[in-house]
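Colleague: Starting off with a structure, shown below.
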Amino acid sequence: MRILSGIQPSGSLHVGNYFGMMKPAIELQERGEALYFIADYHSLTSLTDPEVRRKNVMDVALDFLACGLDPERTVFFRQSDVPEVCELTWLLSTVTPMGLLERCHSYKDKIAKGISPNHGLFAYPVLMAADILIYDSNLVPVGKDQKQHVEVTRDVAIKFNQLYGETFVIPEPEIRAEVATVPGLDGQKMSKSYNNTIEIFGEAKALRKKIMSIVMDSRPIDEPKPDADQNLAIKLLKLVAPPDLARECEERVRAGGYGYGELKKQLFASYWDYFAEARARRAELADNLDYVNSVLEKGAARAREIATTVLKRARRNCGID
Ligand code: ADP
Ligand code: TRP
């Protein structure tokens, strides 16, 4: 079985990325050959500073390795080290109906936010389809917001297979129900674009301040709160605290008498502990960038081996070999 996922190098990774995509992806390493990549071609659709892109690519590499990606077991690489994926994007584009792309929520959301779209942003799901199909991937662990893109991938693969004969493996998305959408500091989906993130490797003082600034309701401390499970700090605490502690805090909020300030202090402490080991590992890796680069190079070589075979198959089947 082959497992594949990608993440854009568009800024510091946050707790939503971690629980929605990275943690499931890291756990799936056990179940087959996993390929995880840093989607730098994708980042061109929204980020135009070359130096920032280079820095972000390295940051994502450090973050992912620090969080437990095992390069002995998993193929970890930079998307652009496998340029074959761009050729496959073109082959797939020619069988992708416009309507399929016009319906994509992620594109429509970005337009609604006032982003002036380029063709790359519109065609992005086709590049993502090529990312997935070029490695004969079976399973694609992503957060809920990417589900539609995996569905587009399936539709495009089925269409190509119908037109040109069996070429691509049809992939399945893998979405964890319990962390499908991690809420951000304002209760909306945690996202870089909403400025409501808790970074995985943030700086202690700034992060404490962010967490203490979570806005809560204004009911008196002593009032019992039957909706404690809907409390934002409790929802986040359940992700990072030992289950017993999270349950105890939830019960204390429910019963009344437990102040929100105390609750937020607990949330910060639990968050800080949860990522302590990864933080130490990240510091070691940051002192050893040659090692990180060698991991990416080795990953690219293996990824390219697979990609070349699948691209050859696609070229042959559509008659441009
Ligand atoms: P952002 O919304 O911050 O730009 P990305 O779109 O780069 O995040 O997402 C990278 C990966 O992390 C995707 O698989 C996405 O589904 C997942 N992800 C991002 N935010 C969340 C969240 N709040 N909850 C769950 N998964 C998330
Ligand atoms: N579009 C994904 C995101 O923004 C990143 C991505 C690119 C991806 N190609 C992929 C995810 C292939 C899974 C599979 O989060």
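Colleague: What is the Å³ per residue value for the convex hull set by the Cα atoms of the stretch 261-304?
Modeller: Convex hull volume per residue, Cα atoms: 88 Å³.
Colleague: Looking at the stretch 117-218, which GluC sites (Glu not before Pro) are in a loop (DSSP not H, G, I, E or B) and have at most 10 other Cβ atoms within 10 Å?
Modeller: Glu166, Glu203
Colleague: Hey, got a sec? Which GluC sites (Glu not before Pro) in the stretch 20-105 land in a DSSP loop and have at most 15 other Cβ atoms within 10 Å?
Modeller: In loop regions of the stretch 20-105 (DSSP not H, G, I, E or B), the sparsely surrounded GluC sites (Glu not before Pro) are Glu72.
Colleague: Pairing the Cα long axis of helix 84-93 with the longest principal axis of the chain, what angle in degrees results, from 0 to 90 and rounded to the nearest 10?
Modeller: 80 degrees
Colleague: Right, next: Any chance you could check the Cα centroid distance between the stretch 163-202 and the stretch 3-17 for me, in angstrom?
Modeller: 8 Å
Colleague: Mind ordering 108-116, 245-253 by average Cβ neighbours within 10 Å, highest first?
Modeller: The packing order, highest mean first, is 245-253, 108-116.
Colleague: How many Å³ per residue does the convex hull of the Cα positions in the chain occupy?
Modeller: That works out to 141 Å³ per residue.
Colleague: Within the stretch 204-247, name every residue whose backbone N is under 11 Å away from a label modeled 7 Å from Cα of Asp186 along the Cβ vector.
Modeller: It comes to no residues whatsoever.
Colleague: Also, I was wondering about something else. I need the phi-derived Karplus couplings for the stretch 136-144: 6.51 cos²θ - 1.76 cosθ + 1.60, θ = phi - 60°, integer Hz, Gly and Pro marked x.
Modeller: Here the 3J(HN,Hα) series is 6, 6, 9, 10, 10, x, 8, x, 4 Hz.
Colleague: In nm, what is the difference between 0.36 nm times the number of residues separating Asp290 and Arg31 and their Cα-Cα distance?
Modeller: 90.4 nm
Colleague: Same structure again: Where Lys and Arg each count +1 and Asp and Glu each count -1, what net charge lies around Arg279 among other residues with Cβ under 15 Å from its Cβ?
Modeller: -4
Colleague: Let me ask another. If I stretch the segment between His119 and Glu51 completely, what's the gain in nm (0.36 nm per residue apart, minus their alpha carbon distance), one decimal?
Modeller: 22.2 nm
Colleague: Now, a different point. Once every DSSP H run of n ≥ 4 in the chain is given -39500 (n - 2.57) and the sum is divided by its residues, what mean residue ellipticity at 222 nm do you get, rounded to the nearest 500 deg cm²/dmol?
Modeller: -16500 deg cm²/dmol
Colleague: Tell me, Kirkwood radius of the stretch 181-321 from alpha-carbon pair distances, in Å?
Modeller: 18.5 Å
Colleague: For the chain, what proportion of DSSP beta bridges, expressed in % and rounded to the nearest 5, is antiparallel?
Modeller: 10 percent
Colleague: Among residues other than Asp321 whose Cβ falls under 12 Å from its Cβ, what is the net charge (Lys/Arg +1, Asp/Glu -1)?
Modeller: +4
Colleague: While we're on this one: When the Kirkwood radius is taken over all Cα pairs of the stretch 202-274, what Stokes-Einstein diffusion coefficient follows at 20 °C and 1.002 mPa s, in µm²/s?
Modeller: Diffusion coefficient, whole number: 175 µm²/s.
Colleague: Considering only Cα-Cα distances, which of the following residue pairs are longer than 22 Å: Lys23/Lys189; Lys144/Lys189; Lys55/Lys210; Lys55/Lys264?
Modeller: The answer is Lys55/Lys210; Lys55/Lys264.
Only the coordinates and a few stated rules stand behind these numbers; no lab work does. If you're wondering where the values come from, they're calculated on a predicted model, not measured in any experiment. Every residue, glycine as well, gets a Cβ built from its backbone with ideal geometry; the counts of neighbours run over all protein chains shown.
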